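Structure first, commentary second.
The values are calculated or read from the model by the stated rules, or taken from the named source; none is laboratory data. Computed from a predicted structure; not experimentally measured. Positions of Cβ are backbone-derived with ideal geometry, glycine not excepted, and every protein chain shown enters the neighbour counts. The accessibility values were calculated without ligands, DNA or RNA, using every heavy atom of the protein model including side chains. Shrake-Rupley method; radii C 1.70, N 1.55, O 1.52, S 1.80 Å.
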Amino acid sequence: MGELGVEHFLSLSAALFIIGMMGVLIRRNILIIFMCVELMLTAANISLIAFGWQMHSLDGQVFVLFTIAIAAAEAAVGLAIILALSRRVHTVDVAEIHELRD
Amino acid sequence: MPWDLIIFYMLAAVCIAAALGVVVATNPVHSAIFLVLCFFNVAGVFVMMGAEFLAVIQVIVYTGAILVLLLFVLMLVNPDDLPEFHQGKPVQRVVGGLLGLILLLEIAIAILNREVVGVTGTATPEAIAAVGGNTQAIGRLLFSDYLLAFEVVSLVLTVGVIGAIVLALPERLGEKVVQRKGTISLGHARGVDMEALGEGTPEGEAPILSGRGGFAKASGGRKLVMTNDPDEYTGA
Amino acid sequence: MDEPIWLKFIVAFVIMNVLLVGMAYMTYFERKVLAAFQDRMGPTRTGPKGLLQPLADGAKLLGKEDLIPGSADKWVFFFAPLVVFVTAITSVAVIPFGTSFDVAGQTINMTIADLNIGALFVLAISSVGVYGIILGAWASSNRYSLLGGLRAAAQVVSYEIILGLSLVGIFILTGSLNLGDIVAEQSRTLSIGPFEISNWFILSQPLAFVLFLIAAVAETNRAPFDLPEAETELVSGFHTEYSAFRFSFYFLGEYIAMIVMSLFASTLFLGGTDGPGSDSHVLLGILWLLLKTILFLFFYVWLRATLPRFRYDQLMGIAWKVLLPLVLLNIVVTAAVRLAVNS
Amino acid sequence: MADYLILIPLLPLVAAIINLLLGRTVTRGKAHLVSVPAVAGSWFVSLLVLRDIWNTEHAIEQKLFTWIPSGSFNVPVNLYADQLTAVMLMVVTSVGLLVHIYSIGYMHGDGAYYRFFAYLPLFVFSMLMLVLADNYMIVFFFWEAVGLCSFLLIGYYYKRRSAGNAAKKAFIVNRVGDLGFGLGVIMIFWTFGTVNFWGPEGVFARVGDFGQTTITVIALLLFTGAIGKSAQFPLHVWLPDAMEGPTPVSALIHAATMVTAGIYLVARSNALFQASTTAMLVVTCIGLFTAVMGASIAITQNDIKRIVAYSTVSQLGFMAFALGTGAWMAAIFHLMTHAFFKGLLFLGCGSVIHGMHEEQDIQKMGNLRKYMPVTFLTFLIGSLANAGIFPLAGFWSKDEIIVGAWISTVFPNFGKVVTVLAFAAAFMTAFYMFRLVFKVFFGKENFDTEHVHPHESPKTMTGPLVILAVATILIGFVGFPPEDGKFHHFIGTVFESHAGEATHAMASVAVHNDGGALAVMAEEGEHGGHHVSLAMTITFGVISSVVAIGGIFLAYLYYIRRSLSAEATAARFNGLYNFLYNRWGFDTLYQERIVAPLMRLAYFLWQVIDVKVIDGTVNGIAKGTLSASQTLRKVQTGVVSNYALAIALGMVVIIGIYLVGFSSLDVPFLR
């Protein structure tokens, strides 16, 4: 653990990703799941930038820019869906929303 | 221990703690706060990797826009709709935790045993400084190699915004708006003032009638005239 | 960046304290100016010409009982005001108060953090400031507070877009996000024919300046855009339940935000420290900057004294239907002109 | 170069397209105003072609474009007109034009008038392209096109079941022949590396380079096509049924032009056939058999169109064996004269049927000369020509064929047998033609005079009849004097130019076997076929006249004087009569031996292979999928968490597999 290296960032990324994934798996509130998905996205962003940092490439940063842009669009649509869900079926519990089954 | 390592460990520790807080917190608003904290520290990590521009973008977009939006939604959603955390099946939690652990193990193996290999790019710190900084370097790349992708992303954003507007429209036009009491002051852990309102339609809520000559009973027994047509007053 | 970190701390400490004192006397300034507008005297009793009034106010606030509503979320209720205060004061770090000067063998850089994304940093920090409002409002567990908080959040998010986009013209002309570079660009003198005019961006970006000003007022939740704390409707908006020390943080936060916005506007549009003699004397430059800032602060108070409050739908309507198209137009025109001039 | 050549096929094509696209809405009852001028234009341009090559030995051609440029396989679309083509062009456009004019009256008031006048020019276009083509690929293509037009026109009254069946029969039977033709074209390409007729690299110039067996196979395959198209035994069965189509169609397609395509093909490929004695022998035998068989069947039939149809079969047989015996010019001459007089006969039939209100049974006719004199006269001329009475068209050409067979150098002795059988066929021809004439136009009315009032046909119908009758009288004189007429001089160049080379080639192959006779033959080949003395010509002319008049006289005895009873003869030779009446039993034979087994096979394929095996498989897969999905749908809980869990599980497993299986990684505790 002498010098700050790409492993540090990758480890952080992995930790965030795993925490996010566990959140998605464990929680039932769709809003929390949404937050955990954002957490996973950010973890991926850290990895991208870390690799770019290691290899002296800016492509990773450009990708992250796009990821953030897409995440914004996703958030807009996703939150609108959640709002509509709340309004229509009066719940945001993923365990109770299973109309897809029928 | 060099300064940068110390700073990194601080940022990472807060980051991971906040991330755990997101998952563990019983109150969704607390989760959101933890997420803000986490993202703030992630922005710090970005700065450490020389991505100042992205750090700022991360703060502006994620914390400044997406999470504010999320808080909005949190507060607009009826608290009765929010599931309690500990109602989740234990199986789900065990399986989730187990999977997380396995993945942690796998990734740890991968990180500890691998080296990053690949073609080293040209964006050395010196090269970036030569064009004026991180922002300028990204700008150059974005508007040359990634121009098409950039345009496509802007299109996606536009579509996303329109989609969000369509989805969030309360009801279709012409449909009666179903008023739900207490759409405000929601999402609060101990917001207990709901019962105070009691059941039944609150006084003062008049059904909205369309067309000419709609009369509705308003509070206080006073007649409420709802009209679209000014002639109604002057006519009979 | 060759100064030792302890020196940096000292500079930061000094600037922060100056800012706090400035904030205190901002309240005095406001009271006096408002009084003048309304043909009153304002504070006169405490000290000569009421100059000690801010200190008295502070003492009073500290002495009050700290009330926490029973159903409040205590942790959030506790740190929400801090968010507002901290974010407001952090922004000052990137404002250039001049170049550097040497004292006792040490080079002192008058910009605390000379970031190459300085302008965006201010925007980012001010966008985080929203959390203080919205979380405080939510934590109060009060209907009026929450309404105020939601209004504040929506307003700040909307106007932040205008604020950010109105600066894009300047970024295009400067080619940098660094505030120091922006000031340096404005220090140049342009000669058009026989006339020599300064390159302040208020001259080349007048539309952006107007839009920035409107957005800045809305961003700091000041009249006529003070919907979050509209007394007539919402009692006191998001800080209805706050009192004593916690309230003072909101109060401080708001006024510091105003000062920072004024500093920011001066830096961006009025040449910052640029002025006669500022090239040779650093302190003169600081003086110029303060003068410009006070101009803007006066403008804030003037607005408050003159204009009635907007209705909420008008507020949002103006942002999305009027200001946004205008600011986009400004960007397109600026970019086109820049392209034409360059080629 | 002659750039106007393209006009000949183009004009009918344009007319056909106009009527096909606009017929339903615009041209409707005026469709003939499009088609008739178009065909007339073609006819006129054909005259120009004739003028241009009348005195020259050069062919004219027009290069259009390359249809298939594929490596060594090049199919150019070029128009080529030599003397043979010119004759065919004249025949096709003249008869085509007259039939078009005739159809205006005949088809008047038909519901799908425009459709008729779209198909007819389309056929003319295809036929013209067929004769103008300069390579086998294009010939094959338009060979199929005329087959298609024939199918469309036979099935013109498609609401009538018999018409539909006849169209199918014609099409399918033709496919058998076309298969052979197609194989022949492939074989030609395989052998010669080209399908072009002409030029130093063309097929005809290089016949001598290849072995006789190869050439024989190619020639026989090509002749298979001709058998189908020209209704030779054993594929003749479709032609009589094809009379289900409108009578003008029968006249144009199934008498005058399309059926002669086979003859044209053999004549065009004479270089190939001359190089193979075996092929020539097959052609002769089949032609002769067809001629005798067709004539004998025609004697007993009662349907007026069917008699003429079998007559056509018989006459095509004549042409075929003329080709087989090497009398190329005679075959083409007969083709031309036959086109006119058979067209005349068919149109006459049409006129009779029209006048008799769609009655086709000659038992129910009689004494029609009183009612329709013009038809009678023209029909009589046609019949005399068909019977071969001096000096009408049929006399000259038929005589020439018989003489050609007699002096044939291809089969010196077999030729004599051919001649005798040909006389027998000619005798029968005369007999059945006049049986027809006497039963239809003489005697007493065998129909209900109260209700049926025969009438003369309109001018648009009798006009072509008269023109064709005049042509029938005169056309024979282009071949006068026999063997040395203008026609022979004109067309002779086509066959002379190759006869020499081909016979040489053949001789050089054959000389190793038994040189003598063939060597002599080769000598004669040098001089362009055969030379006939005047005495022999006159002798054969007298003999054939006597035979023809004998046939007519026999018919006279039977049907006018009634000194002999047809019924009694039929009863006496009951077996033979039935055999002939049933058309030698070919239809029954094909029905029982080919069609029925095929139907059984098809039924088997349908009921067992298709329904049980294929449908069973498909349905089984569908049912299996359905039941599998019914089981699997329980996996789809609709709960998002479960899906997320599945995704995460998959990711973990994949990463695990990657780490363990796909890397040379040094995992401490996995070692």
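Between A:M55, A:G20, A:A84, the Cα set farthest toward the positive side of the dipole of the stretch A:7-89 (charges on each charged residue's Cβ, about the Cα centre) is that of A:A84. Residue-normalised convex hull volume from the C-alpha trace of the stretch C:232-343: 167 Å³ per residue. Hydrodynamic radius of the stretch C:141-229 by the Kirkwood approach over all distinct alpha-carbon pairs: 15.0 Å.
Working note: Karplus 6.51/-1.76/1.60 with θ = phi - 60° gives the stretch D:609-622 the couplings 5, 6, 5, 7, 6, 6, 4, x, 4, 4, 5, x, 4, 4 Hz, where Gly and Pro are set to x.
Full extension of the chain between D:T637 and D:F390 yields a length gain of 79.1 nm, computed as 0.36 nm times the residue separation minus the alpha carbon distance. Projected label points at C:A113 and D:F586, each 7 Å from Cα along the beta carbon direction, are separated by 10.4 nanometres. Over all pairs of different C-alpha atoms, the stretch D:276-316 has a mean inverse distance whose reciprocal, the Kirkwood radius, equals 10.6 Å. Rolling a 1.4 Å probe over the protein chains gives D:D178 an accessible area of about 10 Å².
With K and R counted +1 and D and E -1, the other residues having a Cβ less than 14 Å from that of A:F66 yield a net charge of -4.
First measure r as the distance between the Cβ atoms of B:D145 and C:I192, then evaluate 1/(1 + (r/R0)^6) with R0 = 56 Å and state the FRET efficiency to the nearest 0.05. FRET efficiency, B:D145 to C:I192: 0.90. Each of B:I57, A:I18 has its accessible area taken with a 1.4 Å probe; listed largest first, they run B:I57, A:I18. Which net charge results when you count Lys and Arg as +1 and Asp and Glu as -1 among the other residues whose beta-carbon is under 10 Å from that of D:P454? Spelling it out: positives minus negatives among the neighbours equals -2. Listed peptides C:328-341, C:109-122, B:136-149 appear in the order C:109-122, B:136-149, C:328-341 once ranked by packing, highest mean of other Cβ atoms within 10 Å at the front. Across the stretch D:317-327, computed HN-Hα scalar couplings (Karplus, 6.51 cos²θ - 1.76 cosθ + 1.60, θ = phi - 60°) run x, 3, 4, 5, 6, 4, 4, x, 8, x, 8 Hz from first to last residue, x flagging Gly and Pro. Adding -39500 (n - 2.57) for every DSSP H run of four residues or longer, then dividing by how many residues chain C holds, sets the calculated 222 nm ellipticity at -21500 deg cm²/dmol. For D:D209, the accessible area of its heavy atoms, probed at 1.4 Å with every protein chain present, is near 110 square angstrom. Dipole check for chain C: with +1 at the C-beta of Lys and Arg, -1 at the C-beta of Asp and Glu, and the Cα centre as origin, the magnitude is about 760 Debye. On the beta carbon distance between D:D110 and D:D52, with R0 = 41 Å, the FRET formula returns roughly 0.60.
Extents of chain C, largest first, come to 66, 53, 43 Å (Cα atoms, principal axes, whole angstrom). Taking every alpha-carbon pair in chain D and binning the separations at 10 Å intervals from zero gives 3, 15, 24, 23, 15, 7, 4, 3, 3, 2, 1, 0, 0 percent. Where in the stretch D:81-116 does the label zone of D:F44 land, with the point 7 angstrom along Cα→C-beta and an amide N cut-off under 16 Å? Only D:93-94, D:97-98 fall inside the zone, counting backbone N under 16 Å. Label positions at C:K321 and D:V26, each projected 7 Å from the Cα along the C-beta direction, are separated by 5.7 nm.
Inter-label distance, D:V595 to D:L557: 3.8 nm, where each label sits 7 Å from its Cα along the C-beta direction. Net charge within 13 Å of C:F212 by Cβ-Cβ distance, Lys/Arg positive one each and Asp/Glu negative one each, not counting C:F212 itself? Its environment carries a net charge of -2. The heavy atoms of C:R31 offer some 100 square angstrom of accessible surface to a 1.4 angstrom probe.
Taking amide hydrogens as placed 1.01 Å from N in the peptide plane, the amide H of D:W67 sits under 5 Å from those of D:V75, D:V77, each at least 5 positions away in sequence or on another chain. Converting phi to 3J(HN,Hα) with the Karplus coefficients 6.51, -1.76 and 1.60 and the offset θ = phi - 60°, the stretch C:252-261 yields 4, x, 4, 6, 5, 4, 4, 5, 4, 4 Hz in sequence order, with x at every glycine or proline. Partner lysines whose Cα lies under 17 Å from the Cα of D:K370, excluding those fewer than 8 positions away in the same chain, are identified as D:K439, D:K444.
Using a 1.4 angstrom probe on the protein heavy atoms only, line up D:I138, C:I172 by accessible area, largest first.
Output order, biggest surface exposure first: C:I172, D:I138.
Remark on the protein assembly as shown: Rg and Dmax equal 53.2, 163 Å (Cα only). Computed from point charges on the beta carbon alone (+1 for Lys and Arg, -1 for Asp and Glu), the dipole magnitude for the protein assembly as shown about its Cα centre is near 3960 Debye. Using the reciprocal of the averaged 1/r over all distinct C-alpha pairs, how large is the Kirkwood radius of the stretch C:57-183 in Å? Across the stretch C:57-183, the inverse of the average 1/r is 17.2 Å. A Förster radius of 60 Å, combined with the Cβ-Cβ distance separating C:Y25 from D:Q630, puts the computed FRET efficiency at roughly 0.15.
When every alpha-carbon pair in the stretch D:218-346 is counted, what percent end up more than 22 Å apart? That tail contains 27 percent of the Cα-Cα pairs.
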